[in-house]
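Only one structure is covered here, and it is reproduced in the block below.
The values are calculated or read from the model by the stated rules, or taken from the named source; none is laboratory data. Keep in mind that what you see is a predicted model, and the values were worked out from it rather than measured. As a convention, Cβ positions derive from the backbone with ideal geometry for all residues, glycine included, and neighbour counts pool all protein chains shown. Ligands, DNA and RNA are stripped out before the accessible areas are found, and what is left, the full protein with its side chains, is counted by its heavy atoms. Shrake-Rupley method; radii C 1.70, N 1.55, O 1.52, S 1.80 Å.
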Amino acid sequence: MIVHPIDPSQESEAMSSPSSTLSRPTLAFIGGGQMASAMIAGLLRAGQHGSSILVIEPTPDRRDHLEQTFAVRTAARADAQLAAAELVVWAVKPQVLRQALEEARMHLGTALHVSIAAGLPLKTLSQWLQSQRVVRAMPNTAALVGAGVTGMVAAEGVSEADRQLAAAVLAATGHCFWVESDERLDAVTAVSGSGPAYVFHFLEAFQAAAEAVGFDPATARELVLRTAAGAVEQAGLGEPFGDLRSRVTSRRGTTEAALAVLDARGTPRAIVDAVRAAYARGGELSRELSE
Ligand SMILES: NC(=O)c1ccc[n+]([C@@H]2O[C@H](COP(=O)([O-])OP(=O)(O)OC[C@H]3O[C@@H](n4cnc5c(N)ncnc54)[C@H](OP(=O)(O)O)[C@@H]3O)[C@@H](O)[C@H]2O)c1
């Protein structure tokens, strides 16, 4: 798979400098839910001013929350303010994106569009938006804690400057990188998009296992969390995962006994099949949502 990581110098510039690209563009979010909030929080940390962000959000409580937390401008529905936005982030559920777009259409200026809606391919987005300046992105839930992974794919009409702007905005929630096709973004969705749920599933089962050998739930949770965090930190040093695993697996020892059960139950194969199932479902969803 060919991915193009963001040049770290660009990423750190975007994240750290208040005078970078981030402080200049006027941004609009269509939908002010969880992901929009995560992105806005990251953008403010990177130096963007709340007053340069407009959020279109129908729910009054959410608008109040956004105004009080981030000092952004909000509106219940799209209006003339939207035309000034240089970049519009579509942060509504995929099923309502088309309706949100129709409501906003007459106020859309010449903005670059970034959709984070799962499953909607570039071709559909470009047709609906009647624009070729479209980036499709797939963040993941860790964006909520600033540790997200976001894959991005650009339509043909997206210039290098547009790419840099989109990447700077999306990097506000963590690491981001480019892929070259919708199909690759469906693969990103199957790995890092859905991936946090695979990890939560493992942690859930691991906690149940710790309780099964006698720990109370709170202790079991802490043991599991610290073990996972330590292993991820160690793995981050760069050694192949298999080498790390072999090194802690002594012949006839406790770890070998445990891993023999995981192998006998087909765990590695099940994980490959699970990711393939997510990938296949991504393709189906794209077709369903585009109808
Ligand atoms: N959360 C994740 O981990 C994650 C990961 C990857 C991608 N995404 C994608 O990110 C997008 C947003 O997800 P989310 O979790 O932030 O959802 P969310 O919390 O439900 O936020 C969506 C917001 O959009 C509002 N909305 C509904 N109709 C609208 C309209 N016509 N105009 C403007 N706003 C409207 C909703 O208001 P009401 O509640 O009143 O309807 C809601 O506040 C989705 O497309 C999702 O696929 C999410």
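For region 138-151, give me each residue that is more than 18 Å from L185 (Cα to Cα) and either in a loop (DSSP other than H, G, I, E, B) or basic (K, R) (or both).
Hits for region 138-151 are G146, A147.
Tell me which residues, restricted to region 91-115, are closer than 18 Å to G157 by Cα and either at pLDDT 95 or above or surrounded by 17 or more Cβ atoms within 10 Å (Cβ to Cβ) (or both).
Passing the criteria: L108, A111, L112, H113, V114, S115.
With respect to V72, is the statement that it is open to solvent by less than 70 Å² (accessible area, probe 1.4 Å), farther than 19 Å from V145 by Cβ, in contact with a strand residue (DSSP E or B) (Cβ under 9 Å, 6 or more places away or on another chain) and away from the ligand (no atom under 13 Å from the Cβ) true?
yes
Across region 116-136, what is the total count of residues that are near the ligand (Cβ under 8 Å from one of its atoms), small (G, A, S) and within 21 Å of A85 (Cβ to Cβ)?
Residues meeting the conditions: 1.
Could you list all residues from region 38-66 that are open to solvent by 20 Å² or more (accessible area, probe 1.4 Å), closer than 20 Å to V145 by Cα and within 14 Å of the ligand (Cβ to nearest atom)?
Scanning region 38-66 gives A41, R62, H65.
For I6, only one of the following conditions fails: (1) open to solvent by 10 Å² or more (accessible area, probe 1.4 Å); (2) modelled with pLDDT of 95 or more; (3) hydrophobic (A, V, I, L, M, F, W, C). What is its number?
Exception for I6: condition (2).
Name, by its number, the condition in (1) out of contact with any Asp or Glu (no Cβ under 9 Å at 6 or more places or on another chain); (2) in the same structural domain as S52 (by TED's automatic domain parsing); (3) at pLDDT 95 or above; (4) among the aliphatic types (A, V, I, L, M) that does not hold for V145.
Condition not satisfied by V145: (3).
Only one of V224, V199, V272, V232 is open to solvent by 90 Å² or more (accessible area, probe 1.4 Å) and either closer than 27 Å to T150 by Cβ or not charged (D, E, K, R) (or both); which?
V232
Restricting attention to region 249-263, which residues are within 18 Å of T227 (Cα to Cα) and open to solvent by 90 Å² or more (accessible area, probe 1.4 Å)?
Within region 249-263, T254 is the sole residue that qualifies.
Hey, could you check region 132-160 for residues that are surrounded by fewer than 17 Cβ atoms within 10 Å (Cβ to Cβ) and of a type in the set (G, A, S) and say which is farthest from H175 (Cα to Cα)?
G157
Is there a residue in region 214-223 that is in contact (Cβ under 8 Å) with a residue 24 or more places away in the chain, away from the ligand (no atom under 16 Å from the Cβ) and in contact with an Asp or Glu (Cβ under 9 Å, 6 or more places away or on another chain)?
no
For residues that are within 11 Å of the ligand (Cβ to nearest atom) and of a type in the set (A, V, I, L, M), tally how many sit in region 89-113.
Residues in region 89-113 being within 11 Å of the ligand (Cβ to nearest atom) and of a type in the set (A, V, I, L, M): 8 in total.
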